[in-house]
Every structure is written in C-alpha cells, then in structure tokens.
Amino acid sequence: MARGEKAVANYDEDTISMAASAALDCMKGQVREEIDGLCFASTSLPFAQRQNAIIISDALDLRSTIRTADYTGSLKAGTAALLSALDAVRAGSKRPVDGGSK
C-alpha cells in the first residue's frame, strides 16, 4: 500500500494557494532574502495571461528581484521546472537550496 500525502484542492483553494502553502512548509529554516527564484508548475493555472509564480512570490513575501517562471502545458511541467532550476544553479546564476540556512 502506498504511503505519503496527496494534495487535493478544497472548494476555496486553487493551485496558487496550494503552492503557497507547500512553499511555506519548504521554506522553514530558510532565509527569505537568500531565495533567488521560484518556479511554479501546474497543468491547471488559475490565470492564463498573468504570471502565476509572481503571485506566489508575493504571498511568500520574497524579494521583488527574484526570477519567477510558470511551467505548464504538459504532465511533465514539474520535471521541466526542476531541470531549469538545476541548470540555473549549475550555471552559477542562482544559489543552490541547501535545506536550511546557517
């Protein structure tokens, strides 16, 4: 039997609110000023024309100068977002996430 968690939107939630909540959990122990980017991947974006990642960034009170990006259009959007983030770190344009700040 599989174990773990599955996120399901409640009647008053969408992918942005769920992503912001998940990101808050991930940011425990992180210094907000050290976060360089935010990638948001979903097959069902609430806004088609507005960038959704910037809304999440604002909800998390991140710097206005970070790089944000939406990934959508396929079930592999999450993989594309993760690979892009890894490439940015490898290239040196973004700092790696270390799981906690000093």
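Check Leu38: other-chain or 5+ apart residues with amide H under 5 Å from its amide H, H built from backbone geometry?
Hits under the 5 Å cutoff: Arg67, Thr68, Ala69.
How much length is gained on full extension from Leu83 to Asp25, taking 0.36 nm per residue of separation minus their Cα-Cα distance?
That pair, Leu83 and Asp25, stretches by 18.7 nm at full extension.
When ligands, DNA and RNA are left out and all protein chains stay put, how many square angstrom of accessible area per residue does region 19-67 have with a 1.4 Å probe?
I get 62 Å² per residue for region 19-67.
Below 8 Å between Cα atoms, with a sequence gap of 6+, how large is the relative contact order for the chain in percent?
That works out to 30 percent.
If R₀ is 30 angstrom, what is the calculated FRET efficiency for the pair Glu5 and Gln49, using the beta carbon separation as r and rounding to 0.05?
0.40
Please list the equivalent ellipsoid semi-axes of region 35-77, computed as the square roots of five times the alpha-carbon gyration tensor eigenvalues, in descending order and whole angstrom.
Taking √(5λ) for each eigenvalue gives 19, 11, 7 Å, largest first.
What is the distance, in nm, between label points placed 7 Å from the Cα along the Cα-to-Cβ direction at Ala59 and at Met18?
Spacing of the two 7 Å Cα→Cβ label points: 1.1 nm.
Compute from the Cα atoms of the chain the Rg and the Dmax, the latter being the longest Cα-Cα distance, and quote both in angstrom.
14.1, 44
With all protein chains present and a 1.4 Å probe, how do Met18, Met27 order by accessible area, largest first?
These residues rank, largest area first, as Met18, Met27.
The values are calculated or read from the model by the stated rules, or taken from the named source; none is laboratory data. From a predicted model like this one, the values you see are computed outputs, not experimental measurements. So basically every Cβ, Gly included, is an ideal-geometry build from the backbone, and we count neighbours across all protein chains shown. Surface areas here come from the heavy atoms of the whole protein model, side chains and all, with no ligands, DNA or RNA. Shrake-Rupley method; radii C 1.70, N 1.55, O 1.52, S 1.80 Å.
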